[in-house]
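The values are calculated or read from the model by the stated rules, or taken from the named source; none is laboratory data. Keep in mind that this is a model prediction, so the values were computed, not measured. To get the accessible areas, we keep the full protein, side chains included, count just its heavy atoms, and leave off ligands, DNA and RNA. Shrake-Rupley method; radii C 1.70, N 1.55, O 1.52, S 1.80 Å.
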Amino acid sequence: ATRNGHDASWVVARCVEILANDSTSSPFLAATVPGGPVRHTPGCRLARLLSPPPSGPAPKLTARRLWWWTVAQRIVTGRWGWEIEADQPEGPIDWLWPLASTDIRPVPTDGGNEWFARFEVGSPDKPRVLQPHDSVYDWQPSLDDWRDPFSMLQAAALDVSVAVMLGRYSYAFLRNGA
């Protein structure tokens with residue numbers, strides 16, 4: 001979806017950019033109880049990680065950029081992931097690092113109450129292993145298998161491929177003197 005859709009078509013890339021920009025222009029609000037009376041808590045760690053500067057989710061990364069990346073990954077690939085960095089396994093979150101969804105390989109469990117046993121990230125020959133408590137992973141479930149991600153670009157794959165091929169054909173035709 002990334003190589004043949006987003007990267008191959010400026011129309012797809014621009015649509016993703018517009019949707020991601022619109023999604024990230026809304027402010028993030030950390031409150032005590034969702035749906036209840038809003039008591040804004042601006043000093044909480046989550047608000048500092050996911051709100052505008054001076055704080056941010058990771059060094060030299062603004063929350064808006066992280067949200068933009070996350071929304072774009074979800075639209076193009078149907079999934080997204082962040083690595084959680086904390087000093088203690090159950091302690092407060094220090095940093096959130098964006099992961100390229102094309103490099104995340106979720107390993108399903110054999111049963112129990114977890115969907116995935118671990119996540120392998122990076123190159124297949126030397127993957128880094130992240131446990132579920134060390135990551136945030138979300139996906140749009142496929143109708144074929146709940147654990148498989150579904151991208152909207154999968155539904156538009158034929159249309160996008162035809163448009164890309166027609167553009168390449170027209171470009172080659174013009175370069176060869178028409």
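Percent of accessible area on the stretch 38-178 owned by carbon and sulfur, 1.4 Å probe? All intermediate terms of the calculation are to be shown ahead of the outcome.
Values: 5380 of 9230 Å².
Summing carbon and sulfur atoms, their accessible area is 58 percent of the total for the stretch 38-178.
For the stretch 38-178, evaluate the Debye formula with one uniform point scatterer on each Cα (no solvent term) and list log10 I(q)/I(0) at q = 0.09 Å⁻¹, rounded to two decimals.
Scattering profile of the stretch 38-178, log10 relative to I(0): -0.41.
May I have the pair-distance distribution P(r) for the stretch 80-154, computed from all Cα-Cα distances with 5 Å bins from 0 and rounded to whole percent?
3, 15, 23, 24, 19, 11, 3, 1
Provide the per residue accessible area, probe 1.4 Å, for the stretch 46-135, rounded to a whole number of square angstrom. Display every interim value, and only then the final one.
Numbers: 5220 Å² over 90 residues.
Spelled out: the 1.4 Å probe surface of the stretch 46-135, per residue, equals 58 Å².
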